[in-house]
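Let me begin by presenting the structure, written as structure tokens, before commenting on it.
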Amino acid sequence: MSHCAFSQPLLSHAEALATALRNNYGILLAKTDSVGGAIDASYTYGAFLPQVNATLGTVWNNTTQEQKFQDGSQRGPNNVKSNNLAGSLNLNWVLFDGLRMFATKERVEEMARLGSLSIKNQVVNTVAEVTNTYYQIVREKQQLKAIEEQMAVSEERVKVADRKLSTGLGSKPELLQAQVDLNAQKSSQLKQQTLIDQLKEQLNQLCGMGLPEEFMVEEEIPFDPNLQLENIRDNLTATNPSLLLAERNIGIAQLTLKEQKAGRYPTVSFNAAYNYNRNDNQTVVNPFQPLVSRSNGFNYGFTANIPILNNRLVERNIEQANLDIAYLQLAYADQKSQIDANLENTYRDYAYQKQALQLEEENIELAKENVAIALERFRAGVSTYLELREAQKSLEDAYNRLIAARYNAKVAETELLRLKGELVR
């Protein structure tokens with residue numbers, strides 16, 4: 001990417017999110033899965049409908065026959081041709097199957113709802129990842145600006161040290177050290193710009209490669225200092241996407257148990273069929289055999305399939321379904337405990353970063369003023385380069401702490417909203 005910032009369009013955080021929501025591959029995959037579940041759910045009424053199938057077939061025969069009778073006579077015309085046409089229409093309607101069809105319908109509908117929750121979960125996680133990556137670019141951009149600010153001071157140091165050396169008031173090591181420090185900062189500048197370019201590429205991937213080839217990001221990292229732990233913790237189980245997914249999976253497992261229990265009961269079906277058969281013989285050997293015969297008719301009845309002994313397959317499936325429910329309930333409890341712990345720790349970090357940010361905002365002004373004073377003293381020749389260098393180091397450390405506090409506070413805020421499920425309304 002080009003580093004000519006003035007020629008690059010500004011990409012806001014909102015625009016990055018909008019692009020990610022349109023193009024992120026994880027979201028698109030989740031939507032595709034959800035569409036499949038929605039298609040299945042739209043056909044659940046089919047479980048209550050009868051199955052109707054029609055068959056139709058015709059056969060042409062060309063047979064050579066030979067018959068010998070007790071009186072010594074025989075018949076055996078060749079090429080006895082015949083044609084048979086048969087068709088049937090069959091209906092099978094399951095009237096009772098231990099309520100399995102109702103449980104299956106509910107399970108499929110729950111799977112469709114699970115797909116919608118999966119999309120929301122993927123969207124929330126993607127928004128959090130895009131937000132953190134975007135503001136990491138802003139962070140590194142602020143870090144680059146701080147390096148360049150330090151470079152301006154170091155360049156002035158080099159100039160002052162060179163003037164002092166030329167007038168005999170300075171020393172060569174002092175000039176060399178100033179130049180070494182400046183070169184180190186130039187190296188840091190190059191490294192920082194490379195890191196920014198890499199993060200932009202990472203953000204572009206999260207956005208489905210839908211961002212411009214070159215772009216700028218915002219200058220500041222916004223931060224909401226008013227989040228309250230009680231508000232985030234309140235009703236968390238009803239808003240956290242991961243817990244909602246886990247809860248929905250338990251519900252699906254319980255419906256699967258209902259399906260398995262249906263195997264204990266008989267299945268009652270209504271059966272009906274209409275059959276048609278026509279046989280056409282051009283020649284017959286037996287004079288009592290008809291040249292043309294046709295039969296058709298309708299029949300219907302009920303069938304009951306009563307389970308008596310099936311190698312205890314039903315009981316095994318029921319026990320397995322109960323075990324699956326118990327496992328999912330344990331997994332839900334474990335996930336909730338992890339989310340609760342993560343929420344507590346994240347809020348502690350949020351509170352710390354909020355205080356640290358306020359403190360570092362004050363420190364940075366003091367450090368800037370200290371460097372300005374040290375630089376003027378250095379120009380006036382009343383202080384050494386070591387004093388100025390120490391002031392620069394203090395300013396560098398203050399910038400590092402301030403920029404880190406800004407970013408970490410934003411990350412903590414984003415994580416709290418992600419856990420609450422409120423990153424996406």
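The values are calculated or read from the model by the stated rules, or taken from the named source; none is laboratory data. The structure displayed is predicted, hence computed values, not measured ones. Reconstructed Cβ throughout: ideal geometry from the backbone, glycine too, with neighbour counts over all protein chains shown.
Within the range 226-235, can one find any residue that is in the same structural domain as TYR135 (by TED's automatic domain parsing) and in contact with a Phe, Trp or Tyr (Cβ under 6 Å, 6 or more places away or on another chain)? Looking for residues that are in the same structural domain as TYR135 (by TED's automatic domain parsing) and in contact with a Phe, Trp or Tyr (Cβ under 6 Å, 6 or more places away or on another chain), one finds at least one in the range 226-235, hence yes.
Residue-wise test of (1) buried (at least 19 other Cβ atoms within 10 Å of the Cβ); (2) of a type in the set (A, V, I, L, M); (3) modelled with pLDDT under 95.
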{"residue": "SER116", "(1), (2), (3)": "no, no, yes"}
{"residue": "TYR134", "(1), (2), (3)": "yes, no, no"}
{"residue": "VAL138", "(1), (2), (3)": "yes, yes, no"}
{"residue": "GLU156", "(1), (2), (3)": "no, no, yes"}
{"residue": "LYS164", "(1), (2), (3)": "no, no, yes"}
{"residue": "LEU169", "(1), (2), (3)": "no, yes, yes"}
{"residue": "GLN179", "(1), (2), (3)": "no, no, yes"}
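Considering only the range 376-389, state which residues are part of a helix (DSSP H, G or I) and free of Cβ contacts under 8 Å to residues at least 12 places away in the same chain. Listed by number, the residues that qualify are GLU376, ARG377, ALA380, LEU386. From the list LEU366, LEU313, LEU330, LEU357, the one residue that fits, being out of contact with any helix residue (DSSP H, G or I) (no Cβ under 9 Å at 6 or more places or on another chain) and either modelled with pLDDT of 95 or more or among the aliphatic types (A, V, I, L, M) (or both), is LEU330. Within the set of pairs 6+ apart or on separate chains, which have a first residue in the range 80-97 that is assigned by TED's automatic domain parsing to the domain that holds TRP60, a second that is outside any strand (DSSP E or B) and modelled with pLDDT under 90, and C-beta atoms under 6 Å apart? Close Cβ pairs (under 6 Å, with a partner that is outside any strand (DSSP E or B) and modelled with pLDDT under 90) amount to VAL80/GLN65; VAL80/THR283; LYS81/GLN282.
The residue that is modelled with the lowest pLDDT, counting only those in the range 241-288 that are in contact with a strand residue (DSSP E or B) (Cβ under 6 Å, 6 or more places away or on another chain) and assigned to a loop (DSSP other than H, G, I, E, B), is VAL285.
With respect to GLN335, determine if the residue is surrounded by 11 or more Cβ atoms within 10 Å (Cβ to Cβ), under 23 Å from the mean Cα position of the chain (by Cα) and not small (Gly, Ala, Ser).
In short, yes.
Taking residues in the range 32-52 that are within 13 Å of GLU106 (Cα to Cα), and partners anywhere that are charged (D, E, K, R) and part of a helix (DSSP H, G or I), the pairs with Cβ atoms closer than 6 Å and at least 6 places apart or on different chains are ALA41/GLU109; THR44/LYS105; ALA47/LYS105. Taking the range 193-236 as the range and being part of a helix (DSSP H, G or I), surrounded by fewer than 18 Cβ atoms within 10 Å (Cβ to Cβ) and polar (S, T, N, Q) as the test, the residues that pass are GLN193, THR194, GLN198, GLN202, GLN205, ASN231. Being buried (at least 19 other Cβ atoms within 10 Å of the Cβ), of a type outside the set (Asp, Glu), out of contact with any helix residue (DSSP H, G or I) (no Cβ under 8 Å at 6 or more places or on another chain) and outside any loop (DSSP other than H, G, I, E, B) is not true of ASN183. The criterion of being in contact (Cβ under 8 Å) with a residue 12 or more places away in the chain, over 18 Å from ASN400 (Cα atoms), surrounded by 14 or more Cβ atoms within 10 Å (Cβ to Cβ) and more than 23 Å from the chain's Cα centre (by Cα) does not hold for ALA367. Annotation: ILE373 fulfils all but one of (1) surrounded by 12 or more Cβ atoms within 10 Å (Cβ to Cβ); (2) free of Cβ contacts under 8 Å to residues at least 40 places away in the same chain; (3) outside the structural domain of PRO241 (by TED's automatic domain parsing); the unmet one is (3). Looking across the range 199-247, the residues that are under 30 Å from LEU328 (Cα atoms) and aliphatic (A, V, I, L, M) come down to LEU229, ILE232, LEU236, ALA238, LEU243, LEU244, LEU245, ALA246. Does any residue of the range 122-138 turn out to be more than 22 Å from GLU396 (Cβ to Cβ), touching a Gly at 6+ places or on another chain (Cβ under 7 Å) and among the polar types (S, T, N, Q)? Looking through the range 122-138, at least one residue is more than 22 Å from GLU396 (Cβ to Cβ), touching a Gly at 6+ places or on another chain (Cβ under 7 Å) and among the polar types (S, T, N, Q).
The residue that is surrounded by the most Cβ atoms within 10 Å (Cβ to Cβ), among those in the range 71-97 that are at pLDDT below 90 and part of a loop (DSSP other than H, G, I, E, B), is PRO77.
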